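Right, one structure below, let's go through it.
Here, each number is a calculation from the coordinates, and none is a lab measurement. From a predicted model like this one, the values you see are computed outputs, not experimental measurements. Positions of Cβ are backbone-derived with ideal geometry, glycine not excepted, and every protein chain shown enters the neighbour counts.
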Amino acid sequence: MRSSVYLLISAITLLLVLPSSANAQCKNFAKTICRLELSPYIHDGNYNAAILTEGEEAELFKTFYAGQEYRISVCGSEMLTKIEFLVMDVDRKVLYTNAKDNYATSWDFKVENTQQLIILVKVPVVSSKNEELKSGCVAIMFGLKTD
């Protein structure tokens with residue numbers, strides 16, 4: 001009985017630790033690899049990263065301030081060959097999509113009015129029907145231009 005309880009506690013602990021370990025590795029990927037793509041813009045200090053699988057998407061809401069110049073950079077693990085991102089206003093009107101820009105990894109823009117924007121990241125399915133769907137870290141990074 002005692003060994004069954006120990007086994008159950010070990011299994012639960014392992015299930016709780018593995019996702020946080022994967023997220024920690026993903027955040028480290030964002031810090032060491034993706035942050036470099038913001039240069040010469042100054043990183044805003046936030047690391048927005050998650051493990052996504054082909055066919056999945058994620059949204060992030062962020063406030064951008066009037067008169068500022070920004071860079072949005074989206075980067076992913078090597079196994080994710082294409083990552084689409086869209087920038088939308090709160091009415092979900094698309095302001096930019098990298099799908100029309102050969103899946104560019106960054107977009108530079110200036111905001112005329114302070115506003116909240118939605119950044120939608122999609123990982124398209126590129127694996128064949130017989131292949132397992134690929135997963136990997138996807139990070140959204142924000143930079144601010146300073147003169």
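Here is how the numbers come out for the structure above:
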{"read-out": "Neighbour-limited loop hits for chymotrypsin sites (Phe, Trp or Tyr not before Pro), segment 45-109 (at most 15 other Cβ within 10 Å; DSSP other than H, G, I, E, B)", "value": "Tyr65, Tyr103"}
{"read-out": "Cβ-Cβ FRET estimate between Val126 and Gln68, R0 fixed at 30 Å, reported to 0.05", "value": "0.30"}
{"read-out": "Extension gain, Lys145 back to Glu37 (0.36 nm per residue minus Cα-Cα distance, nm)", "value": "37.5 nm"}
{"read-out": "Selection of GluC sites (Glu not before Pro), segment 19-107, meeting DSSP coil and at most 16 other Cβ within 10 Å", "value": "Glu56, Glu78"}
{"read-out": "Equivalent ellipsoid, segment 75-147 (semi-axes from 5 times Cα gyration tensor eigenvalues, Å)", "value": "27, 14, 10"}
{"read-out": "Across Lys31/Lys82; Lys27/Lys122; Lys62/Lys129; Lys31/Lys145; Lys27/Lys129, pairs whose alpha-carbon gap is larger than 26 Å", "value": "Lys62/Lys129; Lys27/Lys129"}
